[in-house]
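These notes concern the structure reproduced below.
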Amino acid sequence: MRSSRIAPLLAVGAVATLIPALAPATASATPSAASPSRPATADPLQRYLQQKPQWKRCDAESPAALQCATLKVPLDYSRPGGKQIDIAVSRLKASSTKERRGVLLLNPGGPGGSGLDMPLYLGPDLPAAVKKQYDLIGFDPRGVGRSTPVGCGLADDEFNWQRPYKAATFAKDVKWARTVADKCQAKGGAVLPHLTTRNTARDMDVVRGVLGEKKISYLGFSYGTYLGAVYTQLFPQRADRFVLDSGVDPQRAWRGMIQVWAEGAEPAFTRWTEWTAKRHTTYRLGDTPAKVRKTYWDLVARADRKPIDVDGTRMTGDDIRAERAVFFYVQNAAERVADLKKAASGQKPAPSRNGDATPSPERPAPPAFARAEVPSDNGDASFWAVVCADTRAWPRDPEQYRRDAIRDKARYPLYGDFASNIMPCAFWKNGSEPATAVNNKVGALILQNEWDSQTPLTSGQGLHRAMKGSRMVTVLGGEGHGVYGTKSCADKTATAYLTTGKLPAKDLTCRTPAVSDQPARLRLPLPTPPGVPAMNAR
């Protein structure tokens, strides 16, 4: 039942000392200015900034208005004359030449999420006033999709990383983690150290320069908020209007962001028990929160003894716990657990009123542009590349993961051991640079649902603390991953900021309508981090 691979989302210290060639002023797209006492020096990136994009229709299936081009960037920014890689970029021009302000770069999340077709599927959700002012710019981050994709050659049984801690299987989990790391190293060892958020931010600045823009505006979701934050840290003078939707806490990238799923699931579960107890006549799961909780954990224990057959899929207790994300959507979770209860008693679950007990995209994404040359494990490979290479904080001792998994299963029973168990990053070679510390006063607008399953509220608050010039809009009662464009109470504030540049004078809160009988939904077909089956179709 658990997801076996990453679908095309997300839901990842001290200021890194850059060598001179990588200092922000040098890594930007601006040649050094000359002075009487110092002659002009050549910008090592000038060759990349002088590229002339060859815009053309992305493919026969996409609208003619959406154009694509491929740019070259250095694999290693400390050696701009060395190996080059491709970055695929798309463009949907502003609808008004007169009112055009500039470009709005878009990122859907991940790491590993393709954003090339994002102007196409996000466009209908953006207000006309925004589309008048901005060219919508999508791109596949380095290593992803059409941007010189990375692969590891993973076998089918190596995709699943949702591994609950058990003493009897821990050695097997360690072997799996080491195997994934070794396979990725064998396939892309020279490339992997450079597939970092820091370098993707530098790629964004090359895109800015090639497009002839002094600054960029940006709309990033989930992992895209971290990417946007890193860009503001490296290129504060290049950041115009940045909307960061469903925030990743820079202090917790990346092991901490996986662990926050477990931390955030516990209050969501408690909220669900309270909501469901009030609707006992509908779901028959218990008329008090304590009884609802007992019903759930009894099902987990029963499935551990003998898997429950749910529509032909045999679910263990661990499989049930792995669906922790569904508890952020109270109605969907109640339907799901009611179905599990019926299946456990031998009854055939009634068809859900919503067709599925889990959230699904409101609008399906258009077919991705043809990517026949992309490795089948590209999503997983690029996810691990960024998550493992971005930071050097991953423990190297397998026993540390064992201790943490045991501890966190006790602290966070739903998902703690999954989140803290061993990952391939334990055996990954270091990235080319230390992690980027985000600590700046660049203006940005952070949007956050109170009940976001992939970047819980505490995560968005951490991003707000790191970006001291930001303002935050919290949607009280908001369910789902992704805020802007959902007819949310935060939409008006975000649109006003993008179109006028004025941030709110202070942080805001607004309230979404109470949970109704309508299905809880994701606002975008966002890429989903590995091991989040409840967020996408099974």
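The values are calculated or read from the model by the stated rules, or taken from the named source; none is laboratory data. The structure presented is a predicted model; accordingly, all values stated were derived computationally and were not measured. Note: ideal-geometry Cβ built from the backbone for every residue, glycine included; neighbour counts use all protein chains shown.
The criterion of being buried (at least 22 other Cβ atoms within 10 Å of the Cβ) and outside any helix (DSSP H, G or I) does not hold for L227. Residues that are under 19 Å from the mean Cα position of the chain (by Cα) and part of a helix (DSSP H, G or I) within region 234-260 comprise P250, Q251, R252, R255, G256, M257, I258, Q259, V260, listed in sequence order. I'd like to know if region 89-107 contains one or more residues that are under 19 Å from L195 (Cβ atoms), among the polar types (S, T, N, Q) and at pLDDT 95 or above. Looking for residues that are under 19 Å from L195 (Cβ atoms), among the polar types (S, T, N, Q) and at pLDDT 95 or above, one finds at least one in region 89-107, hence yes. Please work out if P456 is more than 22 Å from the chain's Cα centre (by Cα) and at negative phi. No: the conditions fail for P456.
Being at negative phi and buried (at least 21 other Cβ atoms within 10 Å of the Cβ) is a property that does not hold for V174.
Of the residues P44, P80, P63, the single one that is in a loop (DSSP other than H, G, I, E, B) and under 23 Å from K132 (Cβ atoms) is P63. State all residues of region 459-489 that are of a type in the set (A, V, I, L, M, F, W, C) and either under 26 Å from R324 (Cα atoms) or in contact with a Lys or Arg (Cβ under 6 Å, 6 or more places away or on another chain) (or both); if no residue qualifies, say none. Within region 459-489, L463, V473, V475, L476, V483 qualify. Pairing residues of region 287-300 that are closer than 13 Å to F269 by Cβ with residues that are in a helix (DSSP H, G or I) and not β-branched (V, I, T), at Cβ distances under 6 Å and at least 6 apart in sequence or on separate chains, gives P289/E274; P289/A277; V292/A277; V300/G317. Of the helices (runs of 4 or more DSSP H) contained entirely in region 362-481, those carrying at least 3 residues that are surrounded by fewer than 19 Cβ atoms within 10 Å (Cβ to Cβ) fall at 398-411, 457-466.
Residues in region 311-328 that are crowded, with 24+ Cβ neighbours inside 10 Å, among the small types (G, A, S) and part of a helix (DSSP H, G or I): A325 alone. Scanning region 490-516 for residues that are under 16 Å from L244 (Cα atoms) and in a loop (DSSP other than H, G, I, E, B) returns A490, G501, K502, L503, P504, D507. Residues in region 136-153 that are within 28 Å of F221 (Cα to Cα) and either surrounded by fewer than 19 Cβ atoms within 10 Å (Cβ to Cβ) or in contact with a helix residue (DSSP H, G or I) (Cβ under 6 Å, 6 or more places away or on another chain) (or both): L136, G138, P141, R142, G143, V144, P149, V150, G151, C152.
Report yes if S382 is modelled with pLDDT of 95 or more, more than 24 Å from Y165 (Cα to Cα) and within 23 Å of the chain's Cα centre (by Cα), otherwise no. Against the criterion (modelled with pLDDT of 95 or more, more than 24 Å from Y165 (Cα to Cα) and within 23 Å of the chain's Cα centre (by Cα)), S382 qualifies. Inspect region 216-225 for any residue being in contact with a His (Cβ under 9 Å, 6 or more places away or on another chain) and modelled with pLDDT of 95 or more and give the result as yes or no. Yes, some residue in region 216-225 is in contact with a His (Cβ under 9 Å, 6 or more places away or on another chain) and modelled with pLDDT of 95 or more. Within region 165-184, not a single residue is under 21 Å from the mean Cα position of the chain (by Cα) and of a type in the set (D, E).
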